[in-house]
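The values are calculated or read from the model by the stated rules, or taken from the named source; none is laboratory data. A quick note: this is a predicted structure, and the numbers were derived from the prediction, not measured. So basically every Cβ, Gly included, is an ideal-geometry build from the backbone, and we count neighbours across all protein chains shown. These area figures cover heavy atoms from the full protein model, side chains too; ligands, DNA and RNA do not enter into them. Shrake-Rupley method; radii C 1.70, N 1.55, O 1.52, S 1.80 Å.
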Amino acid sequence: MRVLVTRPPHPGERTAKRLAEMGHEPIMLPLSAPAHDPDAAFAALANSDGPISVTSAEAIRVLTERPDDLAPHLSRPLFAVGDATADEARAAGFRDVTASTGDGADLAERIAQLDTARSDKTNLLYLAGFPRAETFETRAADLGLTVETVECYRMRRLDIPDQLLRELFSAHEPDAILFYSRRTAEDFFALKEIAANLDALIGVRLLCLSPAIADAIPPTLQGQSATPDSPDETALLSLL
């Protein structure tokens, strides 16, 4: 199958490699790219000494830009959404990593079950991006966790030429499109060339990591969307 990958460049390349290994033909169309702010991340680390939480591997990539500054913090407990983010944290050198199996709300619940994040009323440092779904912060507040949120990267939209989209859907139409975030789905369907030619997507499978992302699919194409039982890439790719 020809599969359109809408993720940012770094994770998108990893997804493309997995697709190729599965025998599919990946087509890269990143709609956004991160702008890192390591100064904000390391200032927050320097002013805290408790557990760290991340809901995206992008936050870990911010930290790895300055390995010498990161080294003193690698023994701190780190809580991550999903195995992929946890693996990225371990690869960066973190030694005490705990992963949740679901979304940000699941991570907050996992943290609340453990004493580490709540001992001596220690603040939990959340290294976040913008924009983001605030499911982690909302659930953490509900559970009585004290969270300091520090934005250490921002996702910036990339300009997608209309001609590129016309060529893509006229000569090389994908069989499926992968959506990993609600904003990415919203941005994709807001593209002028896409919005004006939704009929070109009839028959294309729209695979979304979660129901919240699938809600961003236009009503006329909702019947072509699908979500996995669990919000992880392995489950998503199994839908192909």
**OP:** Restricting to the chain, compute how many DSSP beta bridges are antiparallel as a %, nearest 5.
**Re:** 15
Subject >> the chain: relative contact order as a whole-number percent, Cα under 8 Å and 6+ apart >> reply: 20
Subject >> the chain - accessible surface per residue (Å², probe 1.4 Å) >> reply: 48
Subject >> For segment 33-160, share of DSSP beta bridges that run antiparallel, in % to the nearest 5 >> reply: 20
Original post:
If each of Leu114 and Ala171 carries a label point 7 Å out from its Cα toward its Cβ, how far apart are those two points in nm?
Top reply: 5.1
**OP:** Mind ranking Asp83, Asp37 by accessible surface for me, highest first, 1.4 Å probe?
**Re:** Asp83, Asp37
Subject >> Cβ-Cβ FRET estimate between Asp142 and Lys192, R0 fixed at 41 Å, reported to 0.05 >> reply: 0.55
Subject >> Where labels lie 7 Å past Cα in the beta-carbon direction, separation of Glu65 and Asp159 in nm >> reply: 2.3
Original post:
R0 = 35 Å: FRET efficiency of Ala46 with Leu240, Cβ-based, nearest 0.05?
Top reply: 0.20
Original post:
Where the centroid of each part is defined by its Cα atoms, how far is segment 159-224 from segment 56-117 in Å?
Top reply: 32
Subject >> Lys, Arg +1 and Asp, Glu -1 on Cβ, resulting dipole of the chain about Cα centre, debye, nearest 20 >> reply: 120
Subject >> Projected-area average for the chain over all orientations - Cα convex hull basis, square nanometres >> reply: 13.0
Original post:
Using the Kyte-Doolittle scale, which helices in the chain average at least -1.0 and also have C-alpha atoms spread 15 Å or more along the helix axis, with helices defined as whole DSSP H runs?
Top reply: 82-92
**OP:** Leaving ligands, DNA and RNA out of it, rank Glu148, Glu13 by accessible area with a 1.4 Å probe, largest first.
**Re:** Glu13, Glu148
Subject >> Modelled FRET efficiency - R0 25 Å, Gln224 with Met28, Cβ distances, 0.05 increments >> reply: 0.70
**OP:** State the extension gain, in nm to one decimal, for the chain segment bounded by Ala200 and Leu74, taking 0.36 nm per residue of separation less the distance between their alpha-carbons.
**Re:** 40.5 nm
**OP:** Measure off, as a whole percent, the carbon and sulfur share of the 1.4 Å-probe accessible area of the chain, all protein chains present.
**Re:** 48
